[in-house]
Amino acid sequence: MSRDSKGNKKQRISKISNSGSSPKARATKTVRPRTEKPEEKKEPKAPREPRLMSAAEAKSYEKTFDKPASRKMGKRVGKSFDKSGKAVTGASKSGVKKPYKKPFVPVDEAQKTRSFVQKRRFDKLAKETPKESIRLNKYIANSGICSRREADDLITQGLVEVNGKPVTEMGYQVQKTDRVVFDGQGITPEKPVYVLLNKPKGYISTTKDDKARKTVLDLVANASPYRLFPVGRLDRSTTGVILLTNDGHMTKKLTHPSFTMKKIYHVTLDRKLDRADLNIIAEGLRLEEGIAEVDSISYIEGKPKNEIGIEIHIGWNRVVRRIFQKLGYEVELLDRVMFAGLTKKNIKRGHWRILSELEVNNLKML
């Protein structure tokens, strides 16, 4: 017999032995239920009392932390994660300092008030700032009198003088220090700029002040690369619309009494204005300069009787305040809401904006 046949016999015997029990015996076989052992209550361990080291043990314990991370006895010490020593290379090794970085500077409040359109106009004006010398025709055109072609005709006709002498040469270069005169009036090569300001209280309407008080030019310092001048004046406690420009012809036109530029004021009095006094002001009140003629005066609708709207065209000094003081009233608040057709709409107190071309053309047609 082979080994395989012996192995098969052993397998068969094992199968018979497993199936030897009868089905009845398997059915009557009882299954003992598992009995759960009662849980043993574990008593909590007592806290371990700290053991104090002796002086010798403490000394040896400290020595283990004082050992430097270096090779000893030929054994290799693990790599350190501190790579600060490897980062020092090149210029930093030689002691050269890193370039200084400028600290962050917050944006000035005056710059925030400028819109994108106004900033673009300002950049355009800055590019057109005159150089050391400029052609005479461009000089005249930049002053706002006429175009370059029309300026050439004026030059050939001998109507333009430079430093007191008529110039007819085309392409003549003008220096900054030269005085150019056309039609009997001096001109400058600056492009006209018109800025409308909603003046707050506490600012005076002059270019300089000996007492170092705040002026309206402080509020419009970033409005133009050229020097601006206020058109007319508002006293320190008066608020509202005021125009600033470098256009001398426009300034003269808007401030001269013969042009009668209309202005509207919102007046707040210390008490109610009587109807009889209102009629007296409307008819014309005599002051030192003469009869103060008022174009119109009325109570402001929906407001108390001490708030008055008054429209005038005369430009006497503090004329509105003196009109009411003449009748025994004190002006608590005075706000100019309109000047030469320009209003303070969409301009916050202390803010400004550059006039549009349409508004400038309307001023020239007045």
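Details
- With θ taken as phi - 60° and the Karplus curve 6.51 cos²θ - 1.76 cosθ + 1.60 applied, the whole-hertz 3J(HN,Hα) list for the range 255-271 is 9, 6, x, 5, 8, 6, 6, 7, 9, 10, 10, 9, 10, 10, 9, 6, 8 Hz, x standing for glycine and proline.
- Each DSSP beta bridge with both residues in the range 231-364 is either parallel or antiparallel, and the antiparallel ones are about 90%.
- Each residue of the range 170-187 was assigned a 3J(HN,Hα) from its phi angle through the Karplus expression (A = 6.51, B = -1.76, C = 1.60, θ = phi - 60°), giving 6, x, 5, 8, 10, 8, 5, 7, 6, 10, 10, 10, 10, 6, x, 10, x, 10 Hz with x at Gly and Pro.
- Three-way shape label, the range 136-185, alpha-carbon gyration tensor, a/c 1.5: rounded
- Whether the range 246-346 is rounded, prolate or oblate, judged on the alpha carbon gyration tensor where a/c under 1.5 counts as rounded: oblate
- The heavy atoms of HIS351 present about 70 square angstrom of accessible area, all protein chains included, probe 1.4 Å.
- Under the combined filter of DSSP loop state and at most 15 neighbouring Cβ atoms within 10 Å, the range 276-343 retains these trypsin sites (Lys or Arg not before Pro): LYS305, ARG318.
- For HIS351, the amide hydrogen comes within under 5 Å of the amide hydrogens of ASN198, counting only partners 5 or more places away or on other chains and with H modelled in the peptide plane.
- Of the peptides 298-304, 151-157, the ranking by mean beta-carbon count within 10 Å, highest at the top, reads 151-157, 298-304.
- Per-residue HN-Hα couplings for the range 239-254 [Karplus 6.51, -1.76, 1.60; θ = phi - 60°; Hz; x = Gly/Pro]: 10, x, 6, 8, 9, 10, 7, 9, 8, x, 5, 5, 4, 5, 5, 7
- Amide H contacts of ARG135 (H built 1.01 Å from N, under 5 Å, at least 5 apart or other chain): VAL174
- Estimated at the nearest 10 Å², the accessible area of LYS252 is 130 Å² with a 1.4 Å probe.
The values are calculated or read from the model by the stated rules, or taken from the named source; none is laboratory data. Quick caveat, the model's predicted, so the values are computed rather than measured. Counting neighbours? That spans all protein chains shown, and the Cβs are built from the backbone with ideal geometry, glycine included. What goes into the accessible areas is simple: the full protein's heavy atoms, side chains included, and nothing from ligands, DNA or RNA. Shrake-Rupley method; radii C 1.70, N 1.55, O 1.52, S 1.80 Å.
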